[in-house]
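Notes for the one structure printed next.
A short reminder: the numbers here are calculations on the coordinates, not readings from a lab. For clarity, every value in this text was computed on a predicted model and none was experimentally measured. Positions of Cβ are generated from backbone atoms using ideal geometry, with glycine treated the same way; all protein chains shown enter the neighbour counts.
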Amino acid sequence: MIYTIAILLSLVGYFVIGHLAGRRVKGLDDYLVAGRNAPTFFILGTLVASYLSTSAFLGETGFAYQGYPFVMLIFAAVSTSGCLLGALVFGRYLRRSGARTVPEFFGKRFASRRVQIIAGLTTIIGLGAYLLGVMQGAGIMFSELTGMPYWVGLVLVWATYTGFILYSGSPGVMLTDTIMFVIFSLAAVGGSLYVIQDLGGWSGVVEGLLTQTDKPGIALWHGVLEGPNASFSSPGEALTWGLTLGLVWAAVLAASPWQSSRYLMARNEHVVMRSAMLTAVALAIFYALMMMTGAAINLYDPNLDPERSMIWVALNVLPTWLGVVILTGVFAAGLSSCSTFLSIIGFSLSNDILPASLDEKSAMRKSRIAVLSAGLIALLLALFQPPAVMSVVWFAATLFASSWGPVALMSIWSKRITATGAGWGLAVGFIGNVVLSMMIQAKWLSLPVYLHPVLLSTLMALVAITLASRVSRVSQAEKEYQAFLHTFDAQAVSGWVTGTRLIALCTMLSGVAIGVFLWQQYAVTLDGFAAQFSVAAGAVQGGYALAIGCGSMLLMAGAVGLWVACPRQQKTSAERMVMSNGR
């Protein structure tokens, strides 16, 4: 009963908070991009909340429970680098554009309404599938916790986030996202620390996982390699999977609409860089704790449904108060992703697909109708489509790596890409990914782990961009807009450099701390038990390499952020602007 009350109160609370945020909405810029005045903490909150949904808490933690906690850490170490990569090579330039949506940015950059519409369509279709997955995750949780029918949970969740988006738009999404970020961060840290300590600390968990026989190899960096349910047949295959999917998700974090669009709300470019670095730190800590917790649940019961393992722990292991916190936190993660995705879908439909409105009042009304229409379609699909949370979410998210990734990067850094090339790149990357994924799902095609559909469809997109750009020409408008994007933002000079450099240094120190922690708590512990449990020398060495790799990624990310934010770079940029104006 207490879980039912907590979930229902959280729904009411988010609805009320979202509506309070709506009082600040005075015009279309407020509704779509929160007035472009969001501080670092709010952008951090909405970035993390947009990324971590029920898929992370249920699906990815379930994959760790299934036997692959450290493969997921490899994945996370590589993928979180996309936060800073996206901010530095795309996000801060996106912020300069003054666009209201990312498809609108593509339309401005290539002086093409056609490119804007193609980008808008991929946004609606891809995020529609993603929204479907996270809605189903929230519905499953509601049903598990309250005992009410699955469809009741879906309807209540939908009514909550749709209600406050209709009224408050981006300010409501940003504020509720940040509150949800705080709640599920406390839940993740509190629940993980309790479970690990309850099982004897990291040493006790590692020893317990080495002792159990249900999932042999779960304590090693490569995970389970034997048995009918093993996902990988060799350490090399596990490593290839972690690196390949990590790179794919780095591209997702760098260019996907639900991540990059958050930068449009930032106060300035330094807020973009600061929030990106802090997001990388937050995600690194989350994965380090939650993946180990997912594996540790096997020491309570190795025969659970993987995607429901965290729910089981909250209901059966944690103290009631902590169970309430972690379950409302997981529920909040799903709800925040739902609100983000629906808002982007609705905004893109009204701003990028439908004809332009004559005045701002008509545009606001059109945006709200678009949000409501998109939400109703998503609800109907979620009600009748069988739930498959992790598979749907991972499929939908990776569509943008192959479709948007090449075009986003080249739109900033290539002088040769044309509007025709961009349009074909968006379409071929998206459709190619969908077709290959469906062929694999239907068992018409089988690919080795290193040839993920995303990699092949990204290559297809690059070929399409190159060929189409060769038979077309870059217009003068395109040249001028790209030059404008590389013009220094004078607002970023005064008073912001020192703070950004400090956050970069903290990011570097966080990388060192995470590396040392994994070295001591995992690698050294595993080494100590190696003789007792006949652990191969390669597995022990892999543990040390894992610790170094996970720490190094954040260390390098912080170093790059420090280099970009240093005064010398700012001065050089300012000089370039002066020279440009002089001409």
Mean Cβ count within 10 Å, highest first, over the residues of peptides 497-509, 103-115, 317-329: 103-115, 317-329, 497-509
In the chain, with Lys and Arg counted as +1 and Asp and Glu as -1 at Cβ, which of these residues, 42, 524, 546, has the Cα nearest the positive end of the dipole, that is, farthest along it? 42
Taking the Cα centre of the chain as the origin and placing charges on Cβ (Lys, Arg +1; Asp, Glu -1), which of 317, 259, 188 is farthest toward the positive end of the dipole? 259
Suppose every K and R has +1 on its Cβ and every D and E has -1 on its Cβ; what is the size of the dipole of segment 390-513 about the Cα centre, in Debye to the nearest 20? 260 debye
For residue 467, net neighbour charge (Lys/Arg +1, Asp/Glu -1) across residues whose Cβ lies under 15 Å away: +3
Say the cut-off is 18 Å between C-alpha atoms; which of 415/479; 215/443; 26/108; 108/366 go over it? 215/443; 26/108; 108/366
Mind checking the angle between helix 453-470 and the chain's longest principal axis? C-alpha axes, 0 to 90 degrees, to the nearest 10. 20 degrees
Explain nothing, just the number: dipole magnitude of segment 2-575 about its Cα centre with +1 on each Lys and Arg Cβ and -1 on each Asp and Glu Cβ, in debye rounded to the nearest 20. 2220 debye
Net +/- balance of residues flanking residue 208 in space, Cβ distance below 15 Å, scoring K and R +1, D and E -1: -3
Using only Cα atoms, tell me the angle between helix 2-21 and the longest principal axis of the chain; keep it within 0 to 90° and round to the nearest 10. 20 degrees
Rh (Kirkwood, all Cα-Cα pairs) for the chain, Å, reads 24.2 Å
Compute the length gained on full extension between residue 23 and residue 159: take 0.36 nm times their separation in residues and subtract their Cα-Cα distance, giving the result in nm to one decimal. 47.0 nm
Once normalised by the length of the chain, the mean sequence separation of its alpha carbon contacts under 8 Å that are 6 or more apart gives a contact order in percent of 26 percent
In what sequence, highest mean first, do 228-240, 14-26 appear when ranked by Cβ atoms within 10 angstrom? 14-26, 228-240
Along the Cα→Cβ direction, 7 angstrom out, place labels at residue 534 and residue 321. What is the inter-label distance in nm? 4.7 nm
Leading residue at positive end of dipole, the chain (Cβ point charges), from 370, 164, 112: 112
Between residue 463 and residue 479, what length in nm is gained on full extension when 0.36 nm per residue of separation is reduced by their alpha carbon distance? 3.6 nm
Quick check: residue separation of residue 563 and residue 487 times 0.36 nm, minus the Cα distance between them. What number comes out in nm? 25.5 nm
Charge tally in the Cβ shell below 15 Å around residue 68, where Lys, Arg are +1 and Asp, Glu are -1, residue 68 excluded: -4
Cα-only Rg/Rh for segment 93-229 with Kirkwood Rh rounds to 1.12
For a footprinting-style exposure proxy, rank 60, 226, 207, 307 by other Cβ within 10 Å, fewest first. 226, 207, 307, 60
May I ask for the angle, rounded to the nearest 10°, between helix 320-348 and the longest principal axis of the chain, with both axes built from Cα atoms and the value confined to 0 to 90°? 30 degrees
Once R0 is set to 22 Å, what does the formula 1/(1 + (r/R0)^6) return for the Cβ-Cβ distance between residue 380 and residue 354, expressed as a FRET efficiency to the nearest 0.05? 0.60
Here, chymotrypsin sites (Phe, Trp or Tyr not before Pro) of segment 438-525 satisfying both criteria (DSSP loop; at most 16 other Cβ within 10 Å) are 444, 450
Theoretical FRET efficiency, 1/(1+(r/R0)^6), r = Cβ-Cβ of residue 148 and residue 442, R0 45 Å, to 0.05: 0.80
Please give the peptides 423-433, 189-199 ranked by average Cβ packing (other Cβ atoms within 10 Å per residue), highest first, as a rough proxy for protection. 423-433, 189-199
Can you compute the modelled spin-label distance between residue 37 and residue 362, with each label point 7 Å from Cα toward Cβ, in nm? 2.8 nm
Would you compute, from DSSP H runs of 4+ residues alone, the mean residue ellipticity of the chain at 222 nm, taking -39500 (n - 2.57) per run and dividing by the full residue count, rounded to the nearest 500? -24500 deg cm²/dmol
